[in-house]
1. Considering every residue within the stretch 102-120, establish whether at least one is in contact (Cβ under 8 Å) with a residue 60 or more places away in the chain and among the small types (Gly, Ala, Ser).
2. Are any of the residues in the stretch 14-34 under 22 Å from the mean Cα position of the chain (by Cα), within 20 Å of residue 116 (Cβ to Cβ) and among the charged types (D, E, K, R)?
3. Test residue 134 against the stated conditions and say whether it is in contact (Cβ under 8 Å) with a residue 12 or more places away in the chain, part of a helix (DSSP H, G or I) and not assigned by TED's automatic domain parsing to the domain that holds residue 13.
4. Test residue 77 against the criterion of being among the hydrophobic types (A, V, I, L, M, F, W, C), surrounded by fewer than 21 Cβ atoms within 10 Å (Cβ to Cβ) and not assigned by TED's automatic domain parsing to the domain that holds residue 189, and give yes or no.
5. Residues of the stretch 19-43 being loosely packed, with under 10 Cβ neighbours inside 10 Å and acidic (Asp, Glu), which ones?
6. For the condition assigned to a helix (DSSP H, G or I), under 21 Å from residue 225 (Cα atoms) and under 17 Å from the mean Cα position of the chain (by Cα), what is the one hit in 118, 91, 165, 73?
7. In the stretch 13-39, which residues are among the charged types (D, E, K, R) and either at pLDDT 95 or above or in contact with a strand residue (DSSP E or B) (Cβ under 8 Å, 6 or more places away or on another chain) (or both)?
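The values are calculated or read from the model by the stated rules, or taken from the named source; none is laboratory data. Please read these numbers as outputs of a predicted model, since none were measured by experiment. Cβ coordinates were reconstructed from backbone atoms using ideal geometry, including for glycine residues, and neighbour counts include every protein chain displayed.
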Amino acid sequence: MFATMSDVNRDRALSATVWFLLTKTPPWDPVEWRPRIGCDISFEDAGKIIGLLRQFTADWPIYTFIETLVDSATGSAYRDNFKRGQRAEIARQLEELVAEEFPNDRFIRHDGYKIVSAAQLNRLKESKETVPQAALAADAEVIDIPSGATLYGPDGHKRLLLFFAENFPDCRIELTDVFATEDRVALEGTWRWYDTDPLPLASGALPSMRRSGELRCCFVYQIRNGKIVSIHHYYDMMTMMEQLGLVPATGQTKE
């Protein structure tokens, strides 16, 4: 049925079909949409949706629905709809889809959608990596803007990730928005953690006064010749220090 349609009409029809499988509601009926919650779907629904995504012409709806699938399989609302093995199988099928569909010579021609899709798939795999190490150029510049630290290449990026993974072992990053241009990709997200162990500092360990916290963050990637050549990390250092108990909260004085 879809094969006889024009590219635009086919994508519209496919989008409506995928939307119905996700929400069990016709496209013209109102739906209470809650970002990052996902939809109440089954493993069988996910397989049908992935099959339909292979038929799209445009790249952006493919990524949009990949994100919704991952939200549905990992979010607290519907995560129990899937067994661990089923999430692994969805990740495998989506990896094949991403390799086949991105980049798209008719739309975004760099690897931006491939890279942000890898970040989404890492959520299915319960990995803390926001980007696969292999995607970085050997001389990629990695700048942690709040601290001013600059590192280089995959090893430098891994050192930065290890710092956060070792000091915040329970941390998770939830992506909330993605934007791509011809040579850049921006990821916006929320970093959440809950840790009670002492925080090691150069001057000695901070006593066990840590608690749960969350922090808005942004990652900006520049891409050249299929590789990431720069990454800029943005977050509010003062808010982070307040939540760790290193400085008084805004509006409070230190006793």
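1. Checking the stretch 102-120: at least one residue is in contact (Cβ under 8 Å) with a residue 60 or more places away in the chain and among the small types (Gly, Ala, Ser).
2. Checking the stretch 14-34: not a single residue is under 22 Å from the mean Cα position of the chain (by Cα), within 20 Å of residue 116 (Cβ to Cβ) and among the charged types (D, E, K, R).
3. Spelling it out, residue 134 is indeed in contact (Cβ under 8 Å) with a residue 12 or more places away in the chain, part of a helix (DSSP H, G or I) and not assigned by TED's automatic domain parsing to the domain that holds residue 13.
4. yes
5. Within the stretch 19-43, 29, 32 meet the criteria.
6. 118
7. Scanning the stretch 13-39 gives a single hit, 36.
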